[in-house]
Amino acid sequence: MASHSATTHAGSKKVIYAAIIGNLLIAATKFIAAFFTGSSAMLSEGVHSLVDTGNGGLLLYGLRRAARPADKTHPLGHGRELYFWSFIVALLVFAVGAGVSFYEGLTHIMRPEPAANPLVNYVVLGFAMVFEGASWFVALKEFRTVKGKLGYVQAVRQSKDPSVFTVLFEDTAALLGLIIAFIGISAAQVFDMPELDGVASIGISLVLGATAIFLARESKGLLMGEAALPEAEQQILDIANGDPDIQKANGVLTVHMGPKQIVAGLSVEFEDHVLAPQIEACVQRIETALKKANPDIVTLFIKPQTTGTWEARQKKLGAA
């Protein structure tokens with residue numbers, strides 16, 4: 001059980017480390033370029049890369065906190081810490097990344113200044129694209145491994161591990177930002193309109209804002225508690241229905257406490273002749289079989305309930 005989770009987190013950490021190293025190198029080169037050229041788009045890009053570096057650190061911190069075992073105050077574990085820190089990352093991308101880029105762009109449009117040494121900007125943008133592309137490729141490769149046959153959007157929506165897709169989306173936004181910065185800096189030079197450098201900064205802020213809103217939405221859903229995938233729920237029902245002492249497994253309620261931590265509540269109707277010791281043995285059999293079939297199920301609650309009671313409850317939920 002632990003090895004499965006450890007493997008996934010090892011993949012997530014590899015992606016995050018690659019992003020941190022790439023972003024740190026990029027941020028340094030962009031700030032140097034902005035200092036020598038006075039480019040607003042380049043300064044926005046530097047801030048963006050610095051925010052991304054900090055975000056990588058927060059995701060690593062979230063992974064470490066989420067891996068802590070259950071204790072008295074958190075009996076179901078600390079898995080949701082990762083979802084919390086992913087939400088904070090989305091807020092930082094919006095508030096710091098998009099906010100600073102928008103402010104810089106507006107300032108540069110209102111008080112335009114032609115960039116000095118534009119060649120420096122082009123060299124830095126070239127290096128940044130190489131570093132960012134390498135980080136993006138690592139994140140994409142890991143995400144492809146995780147997503148399987150699902151489409152990209154569907155895989156993100158169904159994913160319970162925000163650490164990989166957060167880095168992938170940040171890197172994608174960074175590459176788009178670099179393209180916008182290149183267009184803005186080039187246009188400002190060609191048309192001798194330094195305001196276009198500021199327009200590029202605002203374009204970068206819009207890309208970051210859209211990315212942040214999407215990431216915040218996905219993280220919010222996970223933080224509030226998302227159910228396991230339908231296949232996992234069906235697997236639980238099939239195993240319960242296969243036990244000789246179960247008349248019928250009525251249904252199951254699941255919630256993800258972390259990417260690899262599922263808590264499940266199972267409603268079952270036992271056979272009428274089954275006595276208390278047999279019920280205990282039956283529950284033990286189901287728990288053992290489930291954890292063997294799906295190691296992500298860390299906690300299972302079984303509730304004896306008639307089919308009618310379960311159906312009435314589900315009908316009420318549907319009406320609400």
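Coordinate-derived values only; no laboratory data. Note that the structure is predicted; figures quoted are calculated from it, not measured. Every residue, glycine among them, receives a Cβ derived from its backbone with ideal geometry; neighbour counts consider all protein chains shown.
Using Cα-Cα distances under 8 Å and only pairs 6 or more residues apart, what relative contact order does the chain have, in percent?
20
With only alpha-carbon atoms in the gyration tensor, what are the semi-axes of the equivalent ellipsoid for the stretch 230-319, in Å, largest first?
Values: eigenvalues 82, 68, 19 Å².
Semi-axis lengths for the stretch 230-319 are 20, 18, 10 Å.
Rounded to whole Å and ordered largest first, report the semi-axes of the equivalent ellipsoid of the chain derived from its Cα gyration tensor (root of 5λ). Write out the running numbers ahead of the final one.
Values: eigenvalues 527, 64, 41 Å².
One finds semi-axes of 51, 18, 14 Å for the chain.
Could you line up L43, L176 from fewest to most neighbouring Cβ atoms inside 10 Å?
L176, L43
Over the Cα atoms of the stretch 104-207, Rg to Rh with Kirkwood Rh, two decimal places?
That ratio equals 1.11.
Given the C-alpha centroids of the stretch 80-128 and the stretch 51-77, what is the distance between them in whole angstrom?
27
Among bridges DSSP assigns within the chain, what percent are antiparallel (round to 5)?
Taking every DSSP beta bridge within the chain, about 60 percent pair in antiparallel fashion.
If you line up the Cα atoms of the stretch 52-173 on their principal axes, what length do they span on each, largest first, in Å?
Rounded to whole Å, the extents work out to 60, 34, 22 Å.
Kindly state, to the nearest 0.05, the FRET efficiency for L106 paired with M193, given R0 = 22 Å and r defined as their beta-carbon distance.
0.90
Quick one: V298, V15, fewest Cβ neighbours within 10 Å first, how do they rank?
Exposure proxy ranking, most exposed first: V298, V15.
Per 10 Å bin, what percent of the C-alpha pairs of the stretch 28-75 does each bin hold, from zero upward?
Per 10 Å bin, starting at 0, the Cα pair percentages come out as 25, 28, 19, 15, 11, 3.
Assuming R0 = 25 Å, can you tell me the calculated FRET efficiency for the pair D272 and K292, based on Cβ-Cβ distance, to the nearest 0.05?
Taking R0 as 25 Å, the efficiency between D272 and K292 is 0.30.
Let me check against my output: what whole-number percent is the relative contact order of the stretch 230-319, with C-alpha pairs under 8 Å and at least 6 apart?
30
Sorting K13, K260 on the 10 Å Cβ count, fewest up front, what's the list?
Going from least to most buried by this count: K13, K260.
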